[in-house]
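K.L.:
Would you mind keeping the following structure in view while I ask a few things?
The values are calculated or read from the model by the stated rules, or taken from the named source; none is laboratory data. Because the structure is predicted, anything quoted here is derived from the model rather than measured. Note that we place each Cβ from the backbone using ideal geometry, even for glycine, and neighbour counts take in every protein chain shown. Just the protein is used for accessible areas: all its heavy atoms, side chains included, with ligands, DNA and RNA removed. Shrake-Rupley method; radii C 1.70, N 1.55, O 1.52, S 1.80 Å.
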Amino acid sequence: MTQTPEASRQPETAAKRQRPVIAIDGPAGAGKSTLAAHLARRFGFLNLETGAMYRALALKAIENDYAFDEEAPLMDLAGRTRITLQPQLEGNRVLLDAIDVSRRIREADVTSAASKISIHPHLRAWMVQQQRALGEAGGVVMEGRDIGTAVFPDAEVKIFLDAAPEVRGNRRYRQATPQSIAASDPNAPQNADRQAPDPLTAEQQRLAEEAIIRELKERDYRDRHRAESPLQPAPDAVILDSTSMTLDEVLTRAEEIVRSHLPREAS
């Protein structure tokens, strides 16, 4: 399937939608997936995580030994790829060519690869067209980097969720298990039976958290400086900075934002 930059034209379907689109954008690690899942449950919408589509294609590129910096081969690969999102109560089940890759696409190598392939303009245009098809009927919460600016610039509700990179990195570090952090470090000491890594020392914990923050800053730079649909708030988006907020405060404030933008009968 070959797509052109025409796929990036703004849709004209807002007036035809029976139910609204809630667009959540923001940098990596801001908590978009958690917020999207909560709002979908709260308002009875489908939760469609568009970032999972980039991850799925990145996984296929890894498995087929494709270079991440060559757009033409990646476009050819995309045309031979079927990505399906099946909304679940707690996120999405992701099928890559009918194979469930929901867990695999969350691993570090896929996350890094997805960030690298997402800078290509024609590939983003291809993804945008797929994403619009998923949400054009409305009644969805879609989260990503450019939902409110490129995918659905006519979304009825737009939230740009942000936080300082140090805060996002700390949250991601605390969410990770000690085993997964230690296992990703080739210098981490191993138990004799090599079944599991030894607990991290305080210094190893500090270095691991710093590494996460460093990678987030690198991803921020790539996302904000890419040629096609750079990461930025839509002009009419509500910016929600969670740097000094608890999770409950973020969820409550987001619900208020959604209600303020929906017709009374829909809220």
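K.L.:
For the charge dipole of the range 44-162, defined by +1 on Lys and Arg C-beta atoms and -1 on Asp and Glu C-beta atoms about the Cα centroid, which residue among VAL157, LEU77, SER102 has the Cα displaced farthest towards the positive pole?
P.N.:
Result: SER102, furthest along the dipole toward the positive end.
K.L.:
Sorted by packing (mean other beta-carbon atoms within 10 Å per residue), highest first, where do 48-54, 201-207, 136-142, 211-217 land?
P.N.:
So the order, starting with the most tightly packed, is 48-54, 136-142, 211-217, 201-207.
K.L.:
Now for a different question. Need the full-extension length gain, ILE239 to GLN88, defined as separation in residues times 0.36 nm minus the C-alpha distance. One decimal, nm.
P.N.:
The ILE239-GLN88 span can extend by a further 51.7 nm.
K.L.:
To continue, here is another question. Please report, in debye to the nearest 20, how large the charge dipole of the range 67-163 is about its Cα centre when each Lys and Arg carries +1 at its beta carbon and each Asp and Glu carries -1 there.
P.N.:
The calculated dipole for the range 67-163 is roughly 180 debye.
K.L.:
Rounded if a/c is under 1.5, else prolate if a/b beats b/c, else oblate: with a ≥ b ≥ c from the C-alpha gyration tensor eigenvalues square-rooted, which is the range 70-160?
P.N.:
Working: a/c = 1.58, a/b = 1.19, b/c = 1.33.
Oblate, since a/c reaches 1.5 and b/c is not below a/b.
K.L.:
Which peptide among 22-32, 74-84 comes first, and what is the full order, when sorted by highest mean count of other Cβ atoms within 10 Å?
P.N.:
Top to bottom by mean Cβ count within 10 Å: 22-32, 74-84.
K.L.:
Sticking with this structure for a sec: Tell me whether the range 40-98 comes out rounded, prolate or oblate; compute the Cα gyration tensor, take square roots of the eigenvalues as a ≥ b ≥ c, and use a/c under 1.5 as the rounded threshold.
P.N.:
prolate
K.L.:
Taking 0.36 nm per intervening residue step and subtracting the Cα-Cα distance, what contour gain separates GLU210 from ASP69 on full extension? Please list the in-between numbers first.
P.N.:
On the way: separation 141, 0.36 × 141 = 50.76 nm, distance 2.63 nm.
The GLU210-ASP69 span can extend by a further 48.1 nm.
K.L.:
Something else about it: Would you rank HIS38, HIS225, HIS120, HIS261 by solvent-accessible area, highest first, keeping every protein chain in place and using a 1.4 Å probe? Intermediate values should be presented prior to the final figure.
P.N.:
Numbers: HIS38 40, HIS225 115, HIS120 20, HIS261 80 Å².
Largest to smallest exposure gives the sequence HIS225, HIS261, HIS38, HIS120.
K.L.:
Each residue of the range 121-137 in turn: what ³J(HN,Hα) in whole Hz from Karplus with 6.51, -1.76, 1.60 and θ = phi - 60°, glycine and Pro shown as x?
P.N.:
With coefficients 6.51, -1.76 and 1.60, one gets x, 5, 5, 5, 4, 4, 5, 4, 5, 5, 5, 5, 4, 5, x, 5, 7 Hz.
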